[in-house]
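Notes follow the structure.
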Amino acid sequence: MEKPVEETVTKVTTEAPVKGEAALKPEFITSKDKFHEFLVSEWRNVKGDKKGDPTEEPERKKVKLDAEELDKGAKPDGKRLRGQNKWRPHKKPTSYDEKRLCSSVIPGEGKGECPFGDKCRFYHDVAAYVASKPADLGERCHVYDTFGKCTYGLNCRFARAHTTADLKSAENAEVVKSYEGRTPVRNVLSKELQNQLRKHSVPFTKSDEYLKTLNDKKDENKQNNGTADLKADPIVETKTESTDAEKLVDSEKTSTATTVGALTDVDIIKLRGCEKKQVDFQDKLYLAPLTTCGNLPFRRVCKRFGADITCGEMAMCTKLLQGQQSEWALLKRHESEDLFGVQVEGCFPDTMTRCAELINNNTDVDFVDINSGCPIDLVYKKGGGCGLMTRTRKFEQIIRGMNYVLDVPLTVKIRTGVQEKNNVAHKLIPEMMKWGVSLITLHGRSREQRYTKVADWDYITTCSKLASPIPLFGNGDILSYEDAMRAKETGVSGIMLARGALVKPWLFTEIKESRHWDISSSERLDILRDFSNYGLEHWGSDTRGVEKTRTFLLEWLSFLCRYIPVGLLERVPVKINERPPYYMGRNFLESLMASQNVGDWIRISEMLLGPVPPNFNFLPKHKANSYK
């Protein structure tokens, strides 16, 4: 039920705008108490919900004291720590399934007798499982409607839509046939490759060639007591040329193909293996690799709104080499992602080079990105992320090694530097051009600044001139098409969007159409519904998949709630670091989406994915960097 704006707003006198606060029209501004009181009353009217008061704030983040402070009995000074909420409640989606149906007795998929016998902890009686199973979340199954069949069968939380009277899963043959020969999601880790990685039996031929030259050079330096840094390695270059030449000669000798008609350069001149695939990065909108929120369903949403380049979340090279399924999931690519790359993190030439060769030989990607801008302590203290910017010799060896084994372009994402007033990117960029980088993305802040300061676009302008002719993308504080236009005037080759895409994924459309989109609350709910459906496709429609989808939806809502509708603003555009006062939307749904409270985000998820399981608890990962 929606109330007219006149009945839901509280008029206040116009006051001078507070620094860091978005300027809203006075008739929409209200107080915290009246805002929550309105949401509670309206939600109860609409849903008949009699649950506890959602105005209760989540438990505050605990402050970790140093050992010396603990000895002295000191208390925290009240200063709010920023960063990841390490003490937040965390419940795995797998814990919500009390008892599943054993795969050995699933109709149509049964494999005979269960190998675990009486020790099996799953149901073997199909009728008993169906009787004890929680109620379905809806009458339609999106996975079944999309693909013509649901691989989760009776375990699906929408099983009624595709279960026959004799408890078997139905199939829509026409839809199933339309997907024959298609691979909607690529770069899936096969069981065979996973076993080879765990047994350390995967060959890394090209990596070993490059690493041997590093060891030979190191031995030579020791003998000569040389202290010069490792520069362009002639051994590597010579070996590459001779190897490619040998391959070319062999291919010409063994070729028995005949040609009809005039000969062309393509017939005579063979492409060398060292020639990389060419990618046109110019004037593209690049969706940043976003940890946690930059998952495949979110990237699909952004592609629909006009993102040109997408990139997987940061993956640790050591975990990829170990064959960890959860890390390989970050490399998955949807068929709608026409220009897609993966981002890897590491701090040693051997692991990064082998990881690059592994990705090159076993995945379908258009480029590989090195993360040398990650500011978190876990990565930085071991020498990765921003730490690479201060370890130039290792950085050079990593870039040269990855370039040697890759058939696709190698890109790098960096920050201005580590310390706030000590920029080093302008020194690194000319060197990286020599090392063979195809694209550089520069975030206009240092590691120390994180997101507390405004991005330095003047410095990005300087760096873009240094990088020419290699494309350089700018990143930082873009939330409107005006911000994007100003960024393009600096001379950058393209723009990377990160938090701006999380707050308003339709930002790509706004930039391409040069307009402000006063998007309605119902349109925004449709975007969330699309994300939920994509999540069910990606993570599954059983209890585990539904709750995993809900978790990532809630993580995204912790950013999405920061969006302020254009029609409520006194001036546009709003800056990315400006926060709104408490305000009433033009209807109940718009007010609900403006709530900064976790309980209201959960209510939105229940509108899309059904009620949460008992004892459900959630606190967003980025709560510490949200509102005061």
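Mind listing just one residue for me: the one in the stretch 422-451 that is out of contact with any Leu (no Cβ under 7 Å at 6 or more places or on another chain) and of a type in the set (A, V, I, L, M, F, W, C) and, of those, nearest to VAL368 (Cα to Cα)?
Among those residues, the one meeting the criterion is LEU439.
Just one of (1) open to solvent by 30 Å² or more (accessible area, probe 1.4 Å); (2) basic (Lys, Arg); (3) out of contact with any Pro (no Cβ under 7 Å at 6 or more places or on another chain); (4) at pLDDT 50 or above trips up ARG299, so point out which.
(1)
Which residue, of ALA315, ALA329, is under 16 Å from the mean Cα position of the chain (by Cα) and either open to solvent by 30 Å² or more (accessible area, probe 1.4 Å) or in contact (Cβ under 8 Å) with a residue 40 or more places away in the chain (or both)?
Values: ALA315 fails: either open to solvent by 30 Å² or more (accessible area, probe 1.4 Å) or in contact (Cβ under 8 Å) with a residue 40 or more places away in the chain (or both).
So the residue among ALA315, ALA329 that is under 16 Å from the mean Cα position of the chain (by Cα) and either open to solvent by 30 Å² or more (accessible area, probe 1.4 Å) or in contact (Cβ under 8 Å) with a residue 40 or more places away in the chain (or both) is ALA329.
Which of the residues that make up the stretch 397-415 are surrounded by 21 or more Cβ atoms within 10 Å (Cβ to Cβ) and out of contact with any strand residue (DSSP E or B) (no Cβ under 9 Å at 6 or more places or on another chain)?
If the condition is that a residue be surrounded by 21 or more Cβ atoms within 10 Å (Cβ to Cβ) and out of contact with any strand residue (DSSP E or B) (no Cβ under 9 Å at 6 or more places or on another chain), then GLN397, ARG400, GLY401, TYR404, VAL405 are the ones that fit.
Name the single residue that is least open to solvent (accessible area, probe 1.4 Å) among those in the stretch 576-618 being over 20 Å from VAL40 (Cα atoms) and either touching a helix residue (DSSP H, G or I) at 6+ places or on another chain (Cβ under 7 Å) or modelled with pLDDT of 90 or more (or both).
Taking the stretch 576-618 first, the residues over 20 Å from VAL40 (Cα atoms) are 576-580, 609, 613-615.
Next cut, either touching a helix residue (DSSP H, G or I) at 6+ places or on another chain (Cβ under 7 Å) or modelled with pLDDT of 90 or more (or both) only: 576, 609, 613.
On the way: ILE576: 22, LEU609: 2, PRO613: 23 Å².
It comes out as LEU609.
Here is a list: ARG499, ARG445. Which entry is closer than 16 Å to ALA307 by Cβ, basic (Lys, Arg) and touching a residue at least 12 places away in the same chain (Cβ under 8 Å)?
Details: ARG445 fails: closer than 16 Å to ALA307 by Cβ.
ARG499 is the lone residue from the list that is closer than 16 Å to ALA307 by Cβ, basic (Lys, Arg) and touching a residue at least 12 places away in the same chain (Cβ under 8 Å).
Could you say which residue among ASP366, ASP350, ASP338 is acidic (Asp, Glu), closer than 16 Å to VAL405 by Cβ, surrounded by fewer than 22 Cβ atoms within 10 Å (Cβ to Cβ) and at pLDDT 90 or above?
Values: ASP366 fails: closer than 16 Å to VAL405 by Cβ; ASP338 fails: closer than 16 Å to VAL405 by Cβ.
Step by step, each of ASP366, ASP350, ASP338 is checked, and only ASP350 is acidic (Asp, Glu), closer than 16 Å to VAL405 by Cβ, surrounded by fewer than 22 Cβ atoms within 10 Å (Cβ to Cβ) and at pLDDT 90 or above.
Considering the stretch 416-426 alone, what residues qualify as being surrounded by fewer than 20 Cβ atoms within 10 Å (Cβ to Cβ) and touching a helix residue (DSSP H, G or I) at 6+ places or on another chain (Cβ under 9 Å)? Break it down stepwise before answering.
At the first step, the residues of the stretch 416-426 found to be surrounded by fewer than 20 Cβ atoms within 10 Å (Cβ to Cβ) are 418-424, 426.
Within the stretch 416-426, VAL418, ASN423, VAL424, HIS426 meet the criteria.
Here is a yes/no grid of residues against (1) open to solvent by 70 Å² or more (accessible area, probe 1.4 Å); (2) charged (D, E, K, R); (3) part of a loop (DSSP other than H, G, I, E, B):
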{"residue": "TYR144", "(1), (2), (3)": "no, no, no"}
{"residue": "GLU171", "(1), (2), (3)": "yes, yes, yes"}
{"residue": "THR183", "(1), (2), (3)": "yes, no, yes"}
{"residue": "LEU193", "(1), (2), (3)": "no, no, no"}
{"residue": "GLU209", "(1), (2), (3)": "no, yes, no"}
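State which residue is surrounded by the fewest Cβ atoms within 10 Å (Cβ to Cβ) when the search covers only the stretch 430-473 and only residues that are of a type in the set (Asp, Glu) and assigned to a helix (DSSP H, G or I). Spell out how you get there, then give the answer.
Within the stretch 430-473, the subset of a type in the set (Asp, Glu) is 431, 448, 456, 458.
Within this subset, residues satisfying the condition of being assigned to a helix (DSSP H, G or I) are 431, 458.
On the way: GLU431: 13, ASP458: 9.
Here the answer is ASP458.
So which pairs qualify, if the first residue must be in the stretch 573-595 and of a type in the set (D, E, K, R), the second must be open to solvent by less than 10 Å² (accessible area, probe 1.4 Å), the Cβ gap must be under 7 Å, and the two must be at least 6 apart or on different chains?
Every condition considered, the pairs that remain are GLU578/ALA22; ARG579/ALA22; GLU590/SER521; GLU590/PRO565.
The values are calculated or read from the model by the stated rules, or taken from the named source; none is laboratory data. These figures come from a predicted structure and were not determined experimentally. When we count neighbours, we look across all protein chains shown, and the Cβ atoms used for this are built from the backbone with ideal geometry, even at glycine. With ligands, DNA and RNA removed, areas are computed over all heavy atoms of the protein, side chains included. Shrake-Rupley method; radii C 1.70, N 1.55, O 1.52, S 1.80 Å.
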